[in-house]
Amino acid sequence: MVAKEVPKRLWRLPAEPRSRLGSEIQVLDNSRECVTLSVVNCIVISLLLAGWLGTSLCRAAAPPAAPLSRPNVLLICVDDLKPLLGCYGDTRVRSPGIDRLAARGVRFEQAFCNQAVCAPSRNALMTGLRPSTLGIYDLGTNFRRAAPQAVTLAQYFKQHGYRTEAMGKIFHVGHGNHDDPVSWSVPHWNPKPAGLIGGYVLPENRPASSAPATAQSANPPSVPARRPRGAATECADVPDATYADGMIADEAIRRLRAVKDKPGQPFFIAVGFLKPHLPFVAPKKYWDLYERASFQPHPIPAPPRDAPSFAPTTWGELRQYSDIPESGPLSPDAQRELIHGYHAAVSYMDAQVGRLLDELDRLGLASTTLIVLWGDHGWHLGDHGMWCKHTNYEQATRIPLLVCAPGVAPSGARTRALAETVDVYPTLCELAGLPLPAGLDGVSLVPALKRPSSAGPKPAVFHAYPRSPRGVGELIGRAVRTSRHRLVEWKQPGAAPETAILELYDYEADPDETRNLATEQPGVMAALRALLAKQPEARPQVRVPRVSSARGATERTAKPKQDRAAMFARRDKDGDGRLTREEFLTGQPDPQEAPKRFPRFDADGDGLLSREEFIRAGAPSARP
């Protein structure tokens with residue numbers, strides 16, 4: 001036989017296949033002497049090497065060899081979704097679509113929002129800035145009031161050559177707030193479900209039509225701006241596309257098919273599903289997935305002991321619905337119905353996510369697309385006697401966060417690395433190979449994606465919620481959450497640290513937050529307050545500037561020019577981008593004449609007013 005020289009690099013085999021060869025191979029360390037192999041031995045080496053590689057690949061799914069170049073981005077935002085999902089360990093909920101997505105990427109077990117309410121949380125996602133940095137904690141203040149030059153996540157990708165599109169709820173639109181047109185390559189799209197009144201199919205669930213005076217008397221005098229809503233739930237035997245989320249999925253699928261035909265430009269598509277936000281409306285087949293009797297009220301119906309009295313929520317959002325009492329606890333049956341409704345709404349939304357994944361696969365786009373699924377905040381389902389979000393507690397602040405990054409992240413992995421909403425912006429930038437913008441509050445989570453078992457890039461995350469206790473004034477509850485503890489520091493912005501009212505929770509010793517431990521663990525308190533002290537002081541709520549009185553009495557008494565865009569946003573209570581007849585008529589100063597204006601404004605005769613139709617107010621369109 002002829003001696004063959006085998007380069008040393010070929011011998012960088014794991015110990016397992018080398019040991020199998022035994023005495024058939026002689027490896028001479030630290031020398032360049034040749035190794036004599038028989039033809040049979042060469043075959044043995046090849047077979048064993050191939051067998052070892054195949055066995056190793058079967059043991060764990062490995063990521064592709066290299067990250068993608070200019071990958072597409074599919075950002076899925078879900079309203080009011082807590083980690084009540086099969087992939088997060090819940091054994092009752094039916095969520096096969098999102099579970100399938102989790103099997104493709106990395107699941108963040110300890111991800112948190114930056115404020116447990118829609119607009120500030122979505123501001124954090126899209127600007128990479130925490131509410132405490134912007135000074136916006138309410139629903140109605142647009143983020144550009146605080147940061148007019150901010151470059152949003154979508155806008156940044158657009159500047160780097162991406163086609164950016166959005167449908168459904170991405171920014172919070174409503175309560176005086178509005179979308180951000182500069183973020184998108186084409187106008188944002190919102191569904192207009194036909195035949196629904198107030199978002200309901202069944203007449204018995206719809207809100208009662210009422211004139212302003214009637215509406216005032218039908219609500220507590222302490223909340224004069226509130227208007228009656230319909231039922232908190234609806235179970236109707238209708239197709240998925242009857243409600244908004246089915247329509248949003250339909251539109252997203254159309255957009256994916258369109259971009260498939262434009263391979264030269266990467267896409268950034270943001271899809272915002274509305275459920276499981278109230279009201280819990282979903283087709284009957286999703287309600288039928290669950291037995292209502294199997295749901296039980298939460299076993300801990302009281303707030304944490306020794307917590308500040310103002311820290312819990314009074315769940316005013318839920319109390320606006322017609323079948324919910326304006327005060328007092330809910331009956332056990334009412335609690336079961338709401339828990340059932342939340343599960344049904346989750347499963348309905350999940351089915352739409354599954355449809356997106358199916359289409360992504362069918363089009364062959366999955367291997368070139370980064371996918372992020374993000375919930376804007378959690379939701380109290382009766383724990384601590386609370387419902388809705390609006391707190392700094394675990395059930396309101398913990399969120400689902402799934403990242404599928406072909407070529408970077410392994411499939412089906414979980415990580416305990418801490419993450420917060422503001423981290424999504426820099427993470428997507430790094431994954432797409434874009435330079436990281438300066439001035440963001442978040443950090444890239446790519447190290448955790450590459451090594452899910454690592455501790456991650458940060459020791460703590462931060463969030464906040466405002467309260468205005470009577471006689472105390474405006475407080476900001478700044479919170480720091482580590483892997484084990486949460487500290488909440490309630491104080492006025494800029495006030496001395498010693499004025500703070502404190503909460504401390506230990507999630508290893510007390511995972512249900514039954515006691516405020518602020519006075520019992522001084523060492524932990526000191527360490528967490530030191531972390532919080534390294535953060536910038538929370539800004540107070542941004543106030544919309546008023547016209548100066550120095551301009552004179554003539555201007556003050558003159559009839560102001562109507563801002564019809566702002567008027568539309570105030571009337572669009574559910575933020576769906578169109579006004580029903582009831583929304584249009586509510587609060588009109590001339591209730592006898594207002595009904596005559598609605599058909600005149602409704603240019604396309606579909607029974608709904610788009611933003612453009614409302615602003616034109618019946619005037620001819622300027623378009624050719």
**Prompt:** Given the conditions (1) free of Cβ contacts under 8 Å to residues at least 60 places away in the same chain; (2) part of a loop (DSSP other than H, G, I, E, B); (3) farther than 15 Å from ILE501 by Cα, and given that GLY471 satisfies all but one, which numbered condition is not satisfied?
**Reply:** (3)
**Asked** Does the range 246-301 hold any residues that are free of Cβ contacts under 8 Å to residues at least 60 places away in the same chain and of a type in the set (Gly, Ala, Ser), and which are they?
**Response** ALA258, GLY264, ALA293
**Asked** If we scan the range 352-369, do we find a residue that is touching a His at 6+ places or on another chain (Cβ under 9 Å) and in contact (Cβ under 8 Å) with a residue 40 or more places away in the chain?
**Response** no
**Request:** Might you let me know whether the range 530-544 holds any residue that is open to solvent by less than 40 Å² (accessible area, probe 1.4 Å) and in a helix (DSSP H, G or I)?
**Result:** yes
**Request:** Take the range 409-423 and flag every residue that is within 15 Å of ALA455 (Cα to Cα) and in contact with a Cys (Cβ under 9 Å, 6 or more places away or on another chain).
**Result:** ARG414, GLU420
**Prompt:** What are the residue pairs meeting all of these: first residue in the range 506-520, first residue at negative phi and modelled with pLDDT of 95 or more, second residue aliphatic (A, V, I, L, M) and surrounded by fewer than 15 Cβ atoms within 10 Å (Cβ to Cβ), Cβ atoms under 6 Å, and 6 or more apart or on different chains?
**Reply:** ASP512/ILE300
**Message:** From the list ASP323, ASP288, ASP358, exactly one residue is charged (D, E, K, R) and under 22 Å from the mean Cα position of the chain (by Cα). Which is it?
**Reply:** ASP358
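Here is a yes/no grid of residues against (1) modelled with pLDDT under 95; (2) closer than 22 Å to ARG104 by Cβ; (3) among the hydrophobic types (A, V, I, L, M, F, W, C); (4) open to solvent by 10 Å² or more (accessible area, probe 1.4 Å):
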site	(1), (2), (3), (4)
TYR393	no, no, no, no
ALA396	no, no, yes, no
PRO400	no, yes, no, no
SER411	no, yes, no, yes
THR421	no, yes, no, no
LEU428	no, yes, yes, no
LEU434	no, no, yes, yes
ASP441	no, no, no, yes
**Residues that are more than 21 Å from GLN352 (Cβ to Cβ), small (Gly, Ala, Ser) and open to solvent by 10 Å² or more (accessible area, probe 1.4 Å), drawn from the range 100-134** = SER132
**Message:** Suppose we filter the range 443-468 for residues that are open to solvent by 50 Å² or more (accessible area, probe 1.4 Å) and over 30 Å from ILE501 (Cβ atoms); how many remain?
**Reply:** 6
**Asked** Are any residues in the range 80-97 open to solvent by 50 Å² or more (accessible area, probe 1.4 Å) and in a loop (DSSP other than H, G, I, E, B), and if so, which ones?
**Response** GLY89, THR91, ARG92, ARG94
**Item:** Subset of the range 158-195 [in a loop (DSSP other than H, G, I, E, B), of a type in the set (A, V, I, L, M) and surrounded by fewer than 21 Cβ atoms within 10 Å (Cβ to Cβ)]
**Value:** VAL186, ALA194
**Asked** Do the conditions hold for PRO308, that is, is it out of contact with any Ser or Thr (no Cβ under 8 Å at 6 or more places or on another chain), in a loop (DSSP other than H, G, I, E, B), at pLDDT 95 or above and open to solvent by less than 30 Å² (accessible area, probe 1.4 Å)?
**Response** yes
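The values are calculated or read from the model by the stated rules, or taken from the named source; none is laboratory data. Note that the structure is predicted; figures quoted are calculated from it, not measured. Positions of Cβ are backbone-derived with ideal geometry, glycine not excepted, and every protein chain shown enters the neighbour counts. Ligands, DNA and RNA are stripped out before the accessible areas are found, and what is left, the full protein with its side chains, is counted by its heavy atoms. Shrake-Rupley method; radii C 1.70, N 1.55, O 1.52, S 1.80 Å.
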